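Since every read-out is calculated from the coordinates, none of them should be taken as a lab result. Small disclaimer: the values here were computed from a predicted structure and weren't measured. Using ideal geometry, Cβ is built from the backbone for each residue, glycine included, and neighbour counts are taken over all protein chains shown.
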Amino acid sequence: MKLKSVLIALSAAACVTSTAWAQAPIVIKFSHVVATDTPKGQAAERFKQLAEKATNGRVKIEVYPNSQLYKDKEEMEALQLGAVQMLAPSLAKFGPLGVKEFEVFDLPYIFPNKTALYNVTEGPIGKGLLKKLEGKGITGLAYWDNGFKIMSANKPLRVPADFKGLKMRIQSSKVLDAQMRALGANPQVLAFSEVYQALQTGVVDGTENPPSNMYTQKMHEVQKNLTVSNHGYLGYAVIVNKKFWDGLPADIRTALEGAMKEATTYEKAIAQRDNDMALDAIKKAGKTQVYNLSAQEQAEWRKVLMPVQKQMEDRIGKDLITAINKETSK
């Protein structure tokens, strides 16, 4: 009788263990390189909340901000190897991966405003670009926004001649390299997590970023001058490991797609607000002189930088550049 009781108890314990194992949540590691209080950081946290709710806890999203797991150059390989399941890299990251068409987003003055930008990312052009990632073992889920970029240095940057000889940090992008060279600067590729120290120690003289990135990384504390140039755009693509994504139950994928759509709407709503707030905070900090280009100065920048579009036709694709220019001019 005693043995029978023990066997019943063991059987019950095994059932509990088996049930717990069966109900163990699917873990998605979401790694990114910026601070939690940036538009991307906030959207990642919002996606976590929405996804876990939509799947009734069957999925657990672990968000790792600020390069906690991987730096710029490492995270894409980590995704492809399955060490992480989800990233939101800047669009410039796909050029070095071999999908050079994404470097079209780096072209100076290609997007006149956010409406024109969204016409591209949310339309056939944007969807077609995400499709190209599948050959690299990546599924593209959405485009996230971080707005237009400003320039900074320890000297005023008002006309292109002011850039001559400056060491300017860029992401790894042939387009951004060409952009800085067109201005007369010397481009320096550095991981995002290394930029503050590089600016502080003089390894580089300046950089480009949307205001929210500059403020949350405290770059303004080591840069005396900032120019609101809006010369280029910085956006992200939320991506997942394709093998992992395809292996998820269909209902889980559907729930996650819905959560991503909602998080994307949220991200776009806060991006401009956060950049405006960050620029205002930089001004109030009083360590950086903020300068807005006059119409004449903006025209000078455009004159120097627009030829980069022509220069990059062979690399990115003339037809793609033409299609985007046509879409954005509607």
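Some observations on this one:
- Karplus-derived HN-Hα couplings along the range 313-326 (A = 6.51, B = -1.76, C = 1.60, θ = phi - 60°), whole Hz, x at Gly and Pro: 4, 5, 7, 8, x, 4, 5, 5, 4, 5, 4, 5, 4, 5
- Near Ala142, the amide H atoms lying under 5 Å from its own belong to Val238; only residues 5 or more places off or on other chains count, and H is placed 1.01 Å from N.
- Test item: Cα-centred dipole of the chain, Lys/Arg +1 and Asp/Glu -1 on Cβ, debye: 220 debye
- Cβ-based charge dipole, the range 228-285, positive-most Cα from Asn275, Tyr233, Thr254: Tyr233
- For the chain, the spherically averaged projection of the C-alpha convex hull amounts to 19.8 nm².
- The 3J(HN,Hα) values that the Karplus relation (6.51, -1.76, 1.60; θ = phi - 60°) gives for the range 33-50 are, in residue order, 9, 10, 6, 5, 8, 7, x, 5, x, 5, 5, 4, 5, 5, 4, 4, 4, 5 Hz. Gly and Pro appear as x.
- Among the trypsin sites (Lys or Arg not before Pro) in the range 112-179, those located in a DSSP loop and surrounded by at most 13 other Cβ atoms within 10 Å of their own Cβ are Lys164.
- Convex hull projection area averaged over all views, the range 173-223, Cα basis, nm²: 3.5 nm²
- Taking every DSSP helix (H) stretch of at least 4 residues in the chain, weighting each as -39,500 (n - 2.57) and dividing the sum by the residue count yields a mean residue ellipticity at 222 nm of -14500 deg cm²/dmol.
- Backbone N under 18 Å from the Lys136 label point (7 Å along Cα→Cβ), restricted to the range 309-330: 315-317, 320-321
- Using the empirical formula 2.2 N^0.38 Å as the baseline, the Cα radius of gyration of the range 222-303 reaches a ratio of 1.68.
- Contour excess over end-to-end distance, with Cα ends at Thr254 and Asp280 and 0.36 nm allotted per residue: 5.4 nm
- Amide hydrogen proximity for Asn209: with H placed 1.01 Å from N in the peptide plane, the residues at 5 or more positions away or on another chain lying under 5 Å are Ile150.
- Neighbourhood net charge (10 Å Cβ-Cβ; Lys/Arg +1, Asp/Glu -1) for Lys174: -1
- The ellipsoid equivalent to the alpha-carbon distribution of the range 83-186 has semi-axes of 29, 16, 12 angstrom, derived from the gyration tensor eigenvalues as √(5λ) and listed largest first.
- Rounded to 5, percent antiparallel among DSSP beta bridges of the chain: 50 percent
- Distance between the range 70-134 and the range 274-305 - C-alpha centres, whole angstrom: 26 Å
- For Gln188, the residues 5 or more places off, or on other chains, whose built amide H falls under 5 Å of its own are Met168, Arg169, Ile170.
- Couplings for the range 282-299, taken from phi via the Karplus curve 6.51 cos²θ - 1.76 cosθ + 1.60 with θ = phi - 60°, read 5, 4, 5, 5, x, 9, 10, 7, 9, 10, 9, 5, 6, 4, 5, 5, 4, 4 Hz in order; Gly and Pro are left as x.
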